[in-house]
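As structure tokens, the structure follows; a few thoughts come after it.
The values are calculated or read from the model by the stated rules, or taken from the named source; none is laboratory data. Since the model is a prediction, treat every value here as computed from it, not as a measurement. Glycine also receives a Cβ, built like all others from the backbone with ideal geometry; neighbour counts cover every protein chain displayed.
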């Protein structure tokens, strides 16, 4: 008999569910079918959960920024505006689906899934609690970096397929920006990989539980990662590719209705993925006292997301050339220096102790 | 608009300091319409930009989308009716427009406004300047790319000032409060404490805007050195207001050609030498503080004087044949009205010298070589109101 793959539905709250599924299906079907079933169930949970998370993020962003700007924000739909996002989605779903006549149809249409799918794929390796992840790859780290850079393709597709000059400008900005910031992101995490000695997400969290949170050892790495993530995520102060005061909405200017909503969804999925990665790598993942691990993980993610919102409420936007200058003259040298200093530090540590 | 071969830019190209150039539109260039419906053109203003990548190679401004023929309509209405039209020129500074027009009519008819009327005019003109600069600074912040935080901060105070205006004359934007002969109404009792409280509050609020923007690294990086404009060019183009003062020219009609009750008040003329977008922003912030100072003095004068605020003119008052001109320092610069009378109940001709219109003259020159993002910043730093540009 093929052993049941230990990939899906592990971890505290789901172990029971997994056992039930295995108990029912075990005698009837072969192991690999159970594996597929478990993965599908896990995926369903994940997508459902992430949709709710994104809705809460959108609401949170709107309410927090409203608070910072001395106004109320959405508070009409449901208690404290809790169902505002639901209402928005219903509205977007019922809107006419407009495809510009001169658009490059296949590119225009495919850009949407090209945006959403990679942002969901990242969540495959995120560990919400001990063992609670869809896949614990031994190259989890590289996987995240590889998948997150796929977003560029969808942006360029949307910008080109729309056949709109503003969209094209946005796409050109996106291509330059995302590719430039890919490099400091990768290099900022090299220090972590050197210290931990593994690219596996569970190893990184485990190392932090045994020793200290990596933010203490890699503050510069975190800074470079965080700033570059802002650029990669296309958040203020680096939201150039959809700068509403300059190029109106950038690459998704021609999208309306649910297609627009899906771009929006992808954007927030990416944002949450970035903070989840930052929490995993620098803030000890799910580690924390009293509450269950997954509560800690989500709490930390929301706390870090709050910083993103805070920046959005405060900062102006940089210009294209300043953005590039920051990447190549600021972030890349800083990340390189960080690698060097980490190496020296590790050598000294090993020599002394 | 654009013919396939070349795009001739700068219809204003005959100016001496201005070289006319034709940019080849080809594979490396794209022509893009910024406006007339664009979030950052502050109205229905259109810019035809020829871009090479993100760099502006040529810019052509197209205006007239809000043309309502105000000057012609003025020939149909009586002198008092026309005041309502001036509210709708620079709709962010209705009081200043009322004042300039009224002064032109008074000049034509040789009227002398009661002392108290002058104080009222100054008080409201300065509060209006503050409110107008609120919009300028706030939208400038949004143009630079903040998510509307400065805009909402400044609009908070603007609302408070509009509430005061509402208390005084019942309207929030189109007042027709300052009219030929003075200012329409005596202030209500409750106006004075409300105004005093607001004036005590405002300096702290200006500090708040400054904390948000003035020292912000990104804000400085985006605005310092952008849209540089030399003093000599400014004089040649006839620009005025914060743009000219931001280029280091100490020119403020309130001080240089004193009108109304301004000689009685103590205030400073704010200038900066840099001539860039940042300098214009700082000039506006400085002027907001000065406006508060002037408004305080005017309010004190109003409290200590009594008497009429307006001359009784009658609805169909006729100015003797002749002409009159007035110019005042409106929030956006030198606002002038020229009124010709043939002795009838309506002006024979009325002409408005709108500062916004003159100030965007050198826009094409200022934009060339900058990035798309800078277009918005430069346009925002000039602070145009389309009601006034197109009239």
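The residues listed here are A:183, A:204, A:209; of these, the one that is part of a helix (DSSP H, G or I), assigned by TED's automatic domain parsing to the domain that holds residue A:143 and under 21 Å from residue A:235 (Cβ atoms) is A:183. State whether one or more residues within the range A:266-278 are more than 14 Å from chain B (Cβ to nearest Cβ), over 25 Å from residue B:222 (Cβ atoms), more than 21 Å from the chain's Cα centre (by Cα) and at pLDDT below 90. Within the range A:266-278 (the criterion being more than 14 Å from chain B (Cβ to nearest Cβ), over 25 Å from residue B:222 (Cβ atoms), more than 21 Å from the chain's Cα centre (by Cα) and at pLDDT below 90), the answer is no, since none of the residues qualifies.
For residues in the range B:47-65 being crowded, with 18+ Cβ neighbours inside 10 Å and more than 14 Å from chain A (Cβ to nearest Cβ), which is farthest from residue A:319 (Cα to Cα)?
Initially, the range B:47-65 is screened for residues crowded, with 18+ Cβ neighbours inside 10 Å, giving B:47-51, B:54, B:56-61, B:63.
Restricting the remaining residues to those that are more than 14 Å from chain A (Cβ to nearest Cβ) gives B:57-61, B:63.
Numbers: B:57: 18, B:58: 19, B:59: 19, B:60: 22, B:61: 23, B:63: 27 Å.
Ranking the candidates gives B:63 first.
Being over 23 Å from residue A:144 (Cα atoms) and either away from every other protein chain (no Cβ under 14 Å) or touching a residue at least 12 places away in the same chain (Cβ under 8 Å) (or both) narrows it down to one of A:346, A:331, so name that one.
Working: A:331 fails: over 23 Å from residue A:144 (Cα atoms).
After ruling out the rest, the residue left standing is A:346.
For the range A:54-73, which positions are within 10 Å of another protein chain (Cβ to nearest Cβ) and outside any helix (DSSP H, G or I)? Within the range A:54-73, A:69, A:70, A:71 qualify. Summed over the range A:240-273, the residues that are farther than 19 Å from residue A:120 by Cα and either surrounded by 21 or more Cβ atoms within 10 Å (Cβ to Cβ) or in contact with a strand residue (DSSP E or B) (Cβ under 7 Å, 6 or more places away or on another chain) (or both) give a count of 13.
When the range A:279-328 is examined, which residues are found to be within 14 Å of chain B (Cβ to nearest Cβ), under 30 Å from residue B:52 (Cβ atoms) and assigned to a helix (DSSP H, G or I)?
At the first step, the residues of the range A:279-328 found to be within 14 Å of chain B (Cβ to nearest Cβ) are A:308-326.
Those still in the list that are under 30 Å from residue B:52 (Cβ atoms) too: A:315-326.
Listed by number, the residues that qualify are A:320, A:321, A:322, A:323, A:324, A:325, A:326.
Residue A:247 meets each of the listed conditions (1) within 14 Å of another protein chain (Cβ to nearest Cβ); (2) free of Cβ contacts under 8 Å to residues at least 60 places away in the same chain apart from (2).
Can you say whether residue B:293 is over 23 Å from residue B:140 (Cα atoms), without any contact (Cβ under 8 Å) to a residue 40 or more places away in the chain and over 18 Å from the mean Cα position of the chain (by Cα), as far as the supplied structure shows? Break it down stepwise before answering.
Numbers: over 23 Å from residue B:140 (Cα atoms): yes; without any contact (Cβ under 8 Å) to a residue 40 or more places away in the chain: yes; over 18 Å from the mean Cα position of the chain (by Cα): yes.
Answer is yes for this residue.
Condition check ((1) within 14 Å of another protein chain (Cβ to nearest Cβ); (2) out of contact with any strand residue (DSSP E or B) (no Cβ under 8 Å at 6 or more places or on another chain); (3) assigned to a loop (DSSP other than H, G, I, E, B); (4) crowded, with 24+ Cβ neighbours inside 10 Å) across all residues:
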{"position": "B:346", "(1), (2), (3), (4)": "no, yes, yes, no"}
{"position": "B:350", "(1), (2), (3), (4)": "no, no, no, yes"}
{"position": "B:356", "(1), (2), (3), (4)": "no, no, no, yes"}
{"position": "B:381", "(1), (2), (3), (4)": "yes, yes, no, yes"}
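It is to be established whether one or more residues within the range B:138-145 are part of a helix (DSSP H, G or I), away from chain A (no Cβ under 12 Å) and buried (at least 21 other Cβ atoms within 10 Å of the Cβ). No, there is no match, as no residue in the range B:138-145 is part of a helix (DSSP H, G or I), away from chain A (no Cβ under 12 Å) and buried (at least 21 other Cβ atoms within 10 Å of the Cβ).
Only one of A:223, A:240, A:262, A:230 is within 14 Å of chain B (Cβ to nearest Cβ) and at pLDDT 85 or above. Can you tell me which?
Values: A:223 fails: within 14 Å of chain B (Cβ to nearest Cβ); A:240 fails: at pLDDT 85 or above; A:262 fails: within 14 Å of chain B (Cβ to nearest Cβ).
From the options A:223, A:240, A:262, A:230, the qualifying one is A:230.
Here are some residues: A:120, A:169, A:93, A:110. Which one is farther than 30 Å from residue A:196 by Cβ, buried (at least 16 other Cβ atoms within 10 Å of the Cβ) and at pLDDT 85 or above?
On the way: A:120 fails: farther than 30 Å from residue A:196 by Cβ; A:169 fails: at pLDDT 85 or above; A:93 fails: buried (at least 16 other Cβ atoms within 10 Å of the Cβ).
The unique qualifying residue is A:110.
Which is within 14 Å of chain B (Cβ to nearest Cβ) and either over 20 Å from residue A:280 (Cα atoms) or not in a helix (DSSP H, G or I) (or both), of A:199, A:168?
Working: A:199 fails: within 14 Å of chain B (Cβ to nearest Cβ).
Only one candidate qualifies: A:168.
Here B:233, B:273, B:201, B:207 are screened, and the one residue that is in a loop (DSSP other than H, G, I, E, B) and either within 14 Å of chain A (Cβ to nearest Cβ) or surrounded by fewer than 21 Cβ atoms within 10 Å (Cβ to Cβ) (or both) is B:273. Checked against the criterion of being away from chain B (no Cβ under 14 Å), closer than 30 Å to residue A:206 by Cα and at pLDDT below 90, the candidates A:115, A:135, A:103 yield just one match: A:135.
Which residue out of B:112, B:129 is at pLDDT below 90, away from every other protein chain (no Cβ under 14 Å) and over 19 Å from residue B:227 (Cβ atoms)? B:112 is the lone residue from the list that is at pLDDT below 90, away from every other protein chain (no Cβ under 14 Å) and over 19 Å from residue B:227 (Cβ atoms).
Looking only at the range B:181-198, filter to residues that are within 24 Å of the chain's Cα centre (by Cα) and part of a helix (DSSP H, G or I); which one of those is farthest from the other protein chains (Cβ to nearest Cβ)? It would help to see each step written out before you state the result.
Here is the first cut: in the range B:181-198, the residues within 24 Å of the chain's Cα centre (by Cα) are B:181-184, B:195, B:198.
When the remaining residues are screened for being part of a helix (DSSP H, G or I), the result is B:195, B:198.
On the way: B:195: 22, B:198: 16 Å.
It comes out as B:195.
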